[in-house]
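Reviewing the structure listed below.
The values are calculated or read from the model by the stated rules, or taken from the named source; none is laboratory data. Everything numeric in this text was worked out from a predicted model, so none of it was measured. Methodologically, a virtual Cβ is constructed for each residue, glycine included, from the backbone with ideal geometry; neighbour enumeration extends over all protein chains shown. The protein model used for the area step is the full one, side chains on, heavy atoms only, and it has no ligands, DNA or RNA in it. Shrake-Rupley method; radii C 1.70, N 1.55, O 1.52, S 1.80 Å.
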Amino acid sequence: MIEKLEKVLEPVANKLAQQRHLQAISSGMMMPLGLIVIGSLFLIVANPPINLDLVNLHTGNIFLKALIGWKQFAVANYDVLTLPYNYTMGLVGLISAFGIAYCLAESYQMKSAVYGIIAMCTFLMVSAPLKDGGISTSYLGADGLFVAIIIALVSVEISRFVSQKLVISFPGSVPSAVTDFVNSLLPLAANIIIIHGLNVALMAATGKNLPNFIMSILTPAISGVDNIWMFMGIYLFSNILWLFGINGSSIVFPIVFALCIANTGVNAELVNAGKAPTAIINLQMFRYVLIGGAGNTLGLVLLMCKSKSKHIRSIGRLSVLPGICGINEPIIFGTPIVLNPILSIPFLIMPCLSAGLGYLVQSMGLVSLGYIVDPSFTPFFAQGFLSALDIRNVIFMFVLIAISVVVYYPFFKVYEKNTLEHEGE
């Protein structure tokens, strides 16, 4: 059965993993991640974890007095403190439009910076219309992320088509900068005529601009993915691919990460406006299913560290630090979990269980909903706290690790017994 599944799934998965547009989305969205994380840190500074209405302002507790002073400073200087956030996370759509177009153009061996700028300018034309002498920023942030993805991909394809069909040649004595400048004019003009022209036509026909129209089409599809059952299904598919040695995370990343970043941005805007966050499928959920890496394998790593098998024990101890930071290729390929009929069962079960429990505790208010974009590949407990400044989230993550130990334990013991028999032989 495994051989038959491998024959069916491996070619499809490999083709998806190598698909240039998906790769461009994945790589392009990583470009603004550093800016988003730094901007989110300023959101932390502007929103201390204390409610002045619920504490005694004249308390003698030094820790509470420090928090009260911090909160009062943050309230008095809120606009200044949140300015870095507004110009990082608040522009994630605009920055992603450049990043995705840049990566796609680079994959075509085009002038990546030039076509990244063209896509970014085109995105601005349709997503930030003039309003009362200023520009509307509604779609420049997380709300415009999906629009940015579409416009970036379409813009590069338009530019590619035009630059292939209409190339102006100059003598060798003409500087290359001049040649590049002249040959970038026609792609930019084509983008303006096609994309901006479509935007104007839609406004005239429907009263909606292009971002509004795109989102009205995408909303049912996004709502379908923005669902706990679909979320679990996507990660189940990802882990099935991992069992055949295919990096399933890289395939689902463009879909899930874009959704989780967008929803985290929605939550951040609500918190920034003094309201409660509402989106449960946020980046925090993304972290729950990846504690220790794909398959929630940190619990398995802890079991391996105490194994009687020398091979299993050595792999486990080498994998502790990477596992804490969400990297588990040593476990997947060194144990291995790939094509392992015993360990594959908890490997598929545990992420679904983590996602379901994560959804439950957030919806019940047992942990705060994530509204901060935390750094990737940092210790899980740091991500857990930074996602919502809530220590309860860190405690919950340790609970998930304990559950992971319990789920993996019976399968691990069977695998350990088989390994010990082979070592004895």
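Below is a table of values for the structure above.
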| read-out | value |
| --- | --- |
| Charge sum, other residues only, whose C-beta stays under 15 Å from residue 320's C-beta, Lys/Arg counted +1 and Asp/Glu -1 | +2 |
| Binned Cα-Cα distances of segment 347-399, short to long, each 5 Å bin given as a whole percent | 4, 21, 27, 27, 15, 5 |
| Cα gyration tensor category, rounded, prolate or oblate, for segment 50-164 with a/c compared to 1.5 | prolate |
| For segment 269-401: rounded, prolate or oblate by the Cα gyration tensor [a/c cutoff 1.5] | prolate |
| Nearest-20 debye value, segment 381-425 charge dipole, Cβ charges on Lys, Arg, Asp, Glu | 300 debye |
| Label-point gap, in nm, between residue 215 and residue 61 - each point 7 angstrom along Cα→Cβ | 4.1 nm |
| Surface per residue (accessible, 1.4 Å probe) for segment 17-118, Å² | 51 Å² |
| Å² of accessible area per residue within segment 293-391, as computed with a 1.4 Å probe and no ligands counted | 39 Å² |
| Packing rank of 273-280, 80-87, 148-155, 341-348, where each peptide gets the mean count of other beta carbons within 10 Å, highest leading | 148-155, 341-348, 80-87, 273-280 |
| Per-residue ³J(HN,Hα) for segment 379-388, Karplus 6.51 cos²θ - 1.76 cosθ + 1.60, θ = phi - 60°, Hz, x for Gly and Pro | x, 4, 5, 5, 4, x, 6, 5, 5, 8 |
| Charge dipole (debye, nearest 20) of segment 69-218; +1 at Cβ of Lys and Arg, -1 at Cβ of Asp and Glu | 120 debye |
